[in-house]
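Written below as structure tokens is the structure these notes are about.
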Amino acid sequence: MSTAPDNPWLSWEYVQRNWSDIATALSQHVSLTLEAIALATAIALPLAALAHLRPRLSGTVLGLSGALYTIPSLALFAILFPLVRDRRVTVLVGLVMYALLVLVRNILVGLQGVDPAITDAARGLGYGRTRILVAVELPNALPAVITGIRLATVTTVALVTIGVIVGYGGLGQLMFRGFRSQYHAEVLTSTLLTVAIAVVADVVLWGVGRLATPWTRGLR
């Protein structure tokens, strides 16, 4: 007669006994992701708009955001922590820096892809350059903006786990603890929850994008 393994990969008993730790890590993970994407979007929108209005600056904007993205995450968090001296803020700053390149690039591509006939028509109606950007180009670039936010969100969910290096990694804390103790259930539970956060966030943002851009539904 076979018996259950002493160290299973899936264990409901582990979830029940450690629900307080799981809930805390889950809350940290979700809140960090939401804050990072909100801040990165607030920074990326004006940067992309500036690069669009001043094409000569687009290379500089993309180059700087790209340079930030190339810094290894472990090294970045290790460098930021002595400067910031706050675990949560350290991870948050790092996540915002990594999300900028994806967001700036997608927003800029969306703005550059607006049909010139539309902007010419707005200009003919007496719209100024800023009004064209806000009232015409940004709404038409919304599908690309949503795509950028979706990509940045999924990437950020994964990167939050790296925050374990400074002691604030959300579900990454449980993963690290599970790896150290060779407790399979802890590793797999935190991994599955991380994947679930990414999938749910992506589906929600996809739905928001569909609602916000009804004119794209019949393009095909």
Problem - helices (runs of 4 or more DSSP H) lying entirely in the stretch 114-196 (those with 3 or more residues that are more than 16 Å from the chain's Cα centre (by Cα) and modelled with pLDDT under 90) - result: 116-124, 129-132, 171-181
Completion exercise
Screening Val102, Val89 for residues that are touching a helix residue (DSSP H, G or I) at 6+ places or on another chain (Cβ under 9 Å), surrounded by fewer than 17 Cβ atoms within 10 Å (Cβ to Cβ) and hydrophobic (A, V, I, L, M, F, W, C) leaves only Val89
Handout entry: So Thr60, is it among the β-branched types (Val, Ile, Thr), closer than 13 Å to Leu100 by Cα and either surrounded by 17 or more Cβ atoms within 10 Å (Cβ to Cβ) or in contact with a helix residue (DSSP H, G or I) (Cβ under 9 Å, 6 or more places away or on another chain) (or both)
Key = no
Exercise for the section: Working carefully through the options Leu142, Leu108, Leu192, find the one that is aliphatic (A, V, I, L, M) and more than 27 Å from Gly94 (Cβ to Cβ). Expected result: Leu142
Exercise for the section: Examine the stretch 118-140 for a residue that is closer than 29 Å to Gln28 by Cα and buried (at least 19 other Cβ atoms within 10 Å of the Cβ), and state whether such a residue exists. Expected result: no
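The values are calculated or read from the model by the stated rules, or taken from the named source; none is laboratory data. On a predicted model such as this, the values are computed, not experimentally measured, just so you know. Cβ sites come from the backbone with ideal geometry, for glycine too, and all protein chains shown count toward neighbours.
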